[in-house]
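Down below is the structure, laid out as structure tokens.
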Amino acid sequence: MVYYPRSKKVIAKEKAKEKVRKAKAEPLIRKMPISITLLKKMDGGDKLSDRLLSKLRGHSMHHSLKHMKQMVKDLSKGGSFRKAHKDSIKNVGV
């Protein structure tokens, strides 16, 4: 059996893959979700259904309060969840 030493490029690629694998394995730090009561108090939040409010509550763990206010406002006007999310990312940010 012949052993060929690995080149520096191959070693660098392996280290990069290992770094990515370790980064994915670390648990994500999540913040506390916004309460449904607070979502109802937002501008237009009282018009939303309970199912949509619970979906927004779960969504709030990954986004800022400013983002959530914009989404509630868009959803109360009759927009879809996906469109409201895209618009609030574009206008407000994450």
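The values are calculated or read from the model by the stated rules, or taken from the named source; none is laboratory data. This one's a predicted model, so the numbers in the text were calculated from it and none came from an experiment. Ideal geometry is used to build each Cβ from the backbone, glycine not excepted, and the neighbour counts take in all protein chains shown. Note: accessible area is taken over every heavy atom of the protein model, side chains too, but ligands, DNA and RNA are not part of it. Shrake-Rupley method; radii C 1.70, N 1.55, O 1.52, S 1.80 Å.
Give me the residue from the stretch 9-68 that is of a type in the set (S, T, N, Q) and free of Cβ contacts under 8 Å to residues at least 24 places away in the same chain and, out of that set, most open to solvent (accessible area, probe 1.4 Å). Can you show your working first?
Start the filter on the stretch 9-68 by keeping residues that are of a type in the set (S, T, N, Q), which leaves 35, 37, 49, 54, 60, 64.
After this cut, where a residue has to be free of Cβ contacts under 8 Å to residues at least 24 places away in the same chain as well, the list is 35, 37, 49, 54.
Numbers: S35: 55, T37: 87, S49: 65, S54: 64 Å².
Looking at the filtered set, the residue picked out is T37.
Here's a check for you: in the stretch 69-89, which residue that is out of contact with any helix residue (DSSP H, G or I) (no Cβ under 8 Å at 6 or more places or on another chain) and not in a helix (DSSP H, G or I) is surrounded by the fewest Cβ atoms within 10 Å (Cβ to Cβ)?
First, pick out the residues of the stretch 69-89 that are out of contact with any helix residue (DSSP H, G or I) (no Cβ under 8 Å at 6 or more places or on another chain): 69, 73, 77-78, 80, 82, 86.
Remaining after also requiring not in a helix (DSSP H, G or I): 77-78, 80.
Numbers: K77: 10, G78: 8, S80: 10.
For the stretch 69-89, the residue satisfying everything is G78.
Taking the condition surrounded by 12 or more Cβ atoms within 10 Å (Cβ to Cβ) and in a loop (DSSP other than H, G, I, E, B), does G93 pass? Steps first, answer last, please.
Working: surrounded by 12 or more Cβ atoms within 10 Å (Cβ to Cβ): no; in a loop (DSSP other than H, G, I, E, B): yes.
It is false that G93 is surrounded by 12 or more Cβ atoms within 10 Å (Cβ to Cβ) and in a loop (DSSP other than H, G, I, E, B).
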